[in-house]
Amino acid sequence: MAVETEVTSVTELALADTDINWARLDKTKFHIIGAVLFTVQQGLLHPTAVVKTRMQVADSGLSHMGGISVAKHILRNDGIPGLFRGFGTSAIGALPGRVLSLTALEVSKDMMFKYTEALDMPEATRVGIANGVAGMLSNLVSCVYYVPLDVICQRLMVQGLPGVASYKGPFDVMCKVMKTEGFRGLYRGFGLTAVTQPPASALWWGTYGAAQHIIWRSMGYRDDIDKKPSHLEMVTVQAMAGTVAGACSSIITTPMDTIKTRLQVMDNYGSGRPSVLKTTKTLLKEDGWRGFYRGFGPRFLNMSLYGTTMIVTYELIKRLSIKQG
């Protein structure tokens, strides 16, 4: 939003405060609060990631079961800890990567807003482009950090399944992968991730930015009028836009996510190094084109809930981190 106004009361906020730019943030507070709240959010959604991952790689019948049935199967065999396999590694390991990606996101978003300021285009389009490009760049930067973490966490999630080794912990995963394949083993699926995830992130952030802008305008809000949204309205609009973005992204990206997950965790591909082509052929042979949407239900739920809770949390972190004075 172009115009920044002061908070008018405890229950009303300036519409400009739905898009707080990088310059207005206390960076230290932003990253500390973000680390705490995003870790909590990550913990709440981690079980859906475990269920999704197991559905995508299992050859023991889980791949043809529904998400709820798989969750019950995990609880029956491993108890509640089974739904949180790999969470400690994921939560602690994600902290440096989150600082990297959030900084890249906010800085690149600010730059895109400035570069598109003089262009003659609808504001919703400009918001969508700025958010989309920022999402793509931040994801591209963070891929270098997150791919090895994904390889480690996903292997911990699927221990005990056919074709998957057993591990004593994250360092054991790292040692065994590097012993077998060298350092590049930790970057299985990196090419596929780098090619597909940044556009997917661009889609998510672009859809979110445009959807939020359109919803605000449909409700009659503008920066240049006295009518201001309440906290409840702000959270509701951001949650709606995040849900739309997460749902759209899950439908489009699930096939690539299934291939990437299989590529990162499976060891029984026969001779030679696992590849995207081998993984794709295996999925087609096992289950036809439906195989690319293994785990779609949990992934759809995960990304929709993630989109809603992440963006509400993210916007709350930004409001809590505004520089004082």
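The values are calculated or read from the model by the stated rules, or taken from the named source; none is laboratory data. Just so it is clear, the structure is predicted and the values come from calculations on it, not from any experiment. Counting neighbours? That spans all protein chains shown, and the Cβs are built from the backbone with ideal geometry, glycine included.
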Picking from 202, 194, which residue would you name as being buried (at least 22 other Cβ atoms within 10 Å of the Cβ), among the hydrophobic types (A, V, I, L, M, F, W, C) and closer than 28 Å to residue 258 by Cβ? 202
Take the conditions exposed (fewer than 15 other Cβ atoms within 10 Å of the Cβ), assigned to a helix (DSSP H, G or I) and not aliphatic (A, V, I, L, M) and apply them to residue 171. Does it pass? yes
Would you please name the residue that is surrounded by the most Cβ atoms within 10 Å (Cβ to Cβ), looking only at residues in the stretch 1-56 that are at pLDDT below 85 and touching a strand residue (DSSP E or B) at 6+ places or on another chain (Cβ under 7 Å)? 20
Have a look at 244, 237, 195 and point out the one that is touching a Pro at 6+ places or on another chain (Cβ under 9 Å) and in a helix (DSSP H, G or I). 237
Need the failing condition index for residue 177 against (1) surrounded by fewer than 18 Cβ atoms within 10 Å (Cβ to Cβ); (2) free of Cβ contacts under 8 Å to residues at least 60 places away in the same chain, just the number. (1)
Given the condition among the basic types (Lys, Arg), in a loop (DSSP other than H, G, I, E, B) and either on the phi > 0 side of the Ramachandran plot or at pLDDT 85 or above (or both), answer yes or no: does some residue in the stretch 178-189 qualify? yes
Looking at (1) in contact with an Asp or Glu (Cβ under 6 Å, 6 or more places away or on another chain); (2) at pLDDT 90 or above, which is the only condition residue 172 fails? (1)
Any hit, the stretch 134-152, residues being in contact with a Leu (Cβ under 8 Å, 6 or more places away or on another chain), at pLDDT below 90, surrounded by fewer than 19 Cβ atoms within 10 Å (Cβ to Cβ) and among the aliphatic types (A, V, I, L, M): yes
Would you mention how many residues in the stretch 213-234 are part of a helix (DSSP H, G or I) and touching a helix residue (DSSP H, G or I) at 6+ places or on another chain (Cβ under 8 Å)? 6
Please list, ordered by first then second residue, the pairs with beta carbon atoms under 6 Å, 6 or more apart or interchain, first in the stretch 227-256 and closer than 16 Å to residue 310 by Cα, second of a type in the set (Lys, Arg). 250/299
Condition check: assigned to a helix (DSSP H, G or I), out of contact with any helix residue (DSSP H, G or I) (no Cβ under 7 Å at 6 or more places or on another chain) and not charged (D, E, K, R). Does residue 145 satisfy that? no
Residues being over 15 Å from residue 212 (Cα atoms) and surrounded by fewer than 21 Cβ atoms within 10 Å (Cβ to Cβ) - total across the stretch 301-312: 3
Name the residue, out of 298, 255, 274, that is in a loop (DSSP other than H, G, I, E, B), closer than 24 Å to residue 164 by Cα and not hydroxyl-bearing (Ser, Thr, Tyr). 274
Counting only residues that are assigned to a helix (DSSP H, G or I) and either at pLDDT below 80 or surrounded by fewer than 19 Cβ atoms within 10 Å (Cβ to Cβ) (or both), the stretch 315-325 contains a total of 3
